[in-house]
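One structure is given here, and the rest of the page talks about it.
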Amino acid sequence: MPTMIQARILVAGWDFEAKDKEQRMQTISRILCPTDFSDSSDKATAYALQLAREANAELLLFHAFDLPVNWTVSGQTHARDPRIEQELAGILADAPDQDRIQRLLHAGDPAELICWMAQDQKSDLIVMGTHGRTGLKHLLFGSVAEYVLAHARCPVLTIRDRDSNELPLVRPSNMPVMAPRFM
């Protein structure tokens, strides 16, 4: 995974001719990073944390979870499950700038909630992991990242699960998918 120092992300509105990093990244003040506690989410969280640090942006670490069909307890009650809160807290326990990180929980369809949360929280960017499922698994389970890329109203940066030389994908809102270019 390239570091933010090595890569420039092509996002609409960024000024890459600017002399300093702060001027280039001034449009990012809030980053939403959804997590499902997987390896790909951990990679995306590390990337989002670094980007937030460099942009001096607030990081919203968000976990959305589906409830079983026969579940009768409200999402609010389940959202207070201490195990989920501990998992969220543990992800960024050693991260600096704890005052610039919010941890958010919500019950419902993760794909729809990520798009809703980004809009509700006025996020400038979504940074999320993708499992890279293909074939039958993709047909059966779909892709949360694919849904978010198609429906989010802000730019989306996806980080692949598997180790590869592939670059992260960026889809600025209302623009085709793009990838970082190296300095």
* Asked: Can you give the FRET efficiency for Gln86 and Arg153, using 1/(1 + (r/R0)^6), R0 = 35 Å, r = Cβ-Cβ distance, to the nearest 0.05?
  -> 0.65
* Label-point separation (nm) for Asp109 and Asp97, each offset 7 Å from Cα along Cα-to-Cβ? -> 3.4 nm
* To do: For region 39-51, take each phi angle, set θ = phi - 60°, evaluate the Karplus expression 6.51 cos²θ - 1.76 cosθ + 1.60, and give the result in whole Hz per residue in order, putting x for glycine and proline.
  => 4, 5, 5, 4, 5, 5, 5, 4, 5, 5, 4, 5, 5
* **Gln119/Glu146 FRET efficiency (R0 25 Å; Cβ-Cβ; nearest 0.05)** => 0.85
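Only the coordinates and a few stated rules stand behind these numbers; no lab work does. Keep in mind the model is a prediction, meaning the values are calculated, not measured. Positions of Cβ are generated from backbone atoms using ideal geometry, with glycine treated the same way; all protein chains shown enter the neighbour counts.
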